[in-house]
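Structure first, commentary second.
The values are calculated or read from the model by the stated rules, or taken from the named source; none is laboratory data. Note that this is a predicted model, so its numbers are computed, not measured. Note that each Cβ is placed from the backbone with ideal geometry, even for glycine, and that neighbours are counted across all protein chains shown. Ligands, DNA and RNA are excluded from the accessible area calculation, which covers all protein heavy atoms including side chains. Shrake-Rupley method; radii C 1.70, N 1.55, O 1.52, S 1.80 Å.
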Amino acid sequence: MEELIQGETFIKPKKTYIYKFSGDKVAKWDVDKKLPLEIKEIDDATIELKWVSTFSGQFDLSYGETTKTIVVESLFWEEGVF
């Protein structure tokens with residue numbers, strides 16, 4: 001079974017997203033503590049994540065050695081506008 005972090009790659013500020021690790025390992029979630037994130041652990045392999053700032057950016061979300069890059073899109077950008 002491939003071990004990966006399931007959840008959105010592109011997120012919007014101020015919205016809550018769920019991320020789940022699909023694999024057999026038990027590890028800890030890790031993200032840069034200086035980022036404007038609210039993280040709530042649901043269970044060992046699932047978290048709720050919210051980017052609480054209005055600016056965009058990107059960061060790495062890790063579960064043990066498995067990492068997923070998350071891109072925070074602008075709050076004001078809408079598809080089809082540009």
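Hey, can you tell me all the residues within region 26-39 that are in contact with a strand residue (DSSP E or B) (Cβ under 8 Å, 6 or more places away or on another chain) and open to solvent by 90 Å² or more (accessible area, probe 1.4 Å)?
Within region 26-39, Lys28, Glu38 qualify.
Considering region 45-63 alone, what residues qualify as being among the small types (Gly, Ala, Ser) and either exposed (fewer than 15 other Cβ atoms within 10 Å of the Cβ) or part of a strand (DSSP E or B) (or both)?
Residues satisfying the conditions are Ser53, Gly57, Ser62.
Considering only residues of region 8-20 that are surrounded by 14 or more Cβ atoms within 10 Å (Cβ to Cβ) and touching a Gly at 6+ places or on another chain (Cβ under 8 Å), which is farthest from Glu73 (Cα to Cα)?
Lys20
If Lys20 satisfies every condition in (1) in contact with a Lys or Arg (Cβ under 7 Å, 6 or more places away or on another chain); (2) not in a loop (DSSP other than H, G, I, E, B) but one, which is the exception?
Of (1) in contact with a Lys or Arg (Cβ under 7 Å, 6 or more places away or on another chain); (2) not in a loop (DSSP other than H, G, I, E, B), only one is false for Lys20: (1).
Out of Ile42, Ile5, which single residue is assigned to a strand (DSSP E or B), among the aliphatic types (A, V, I, L, M) and open to solvent by 80 Å² or more (accessible area, probe 1.4 Å)?
Ile42
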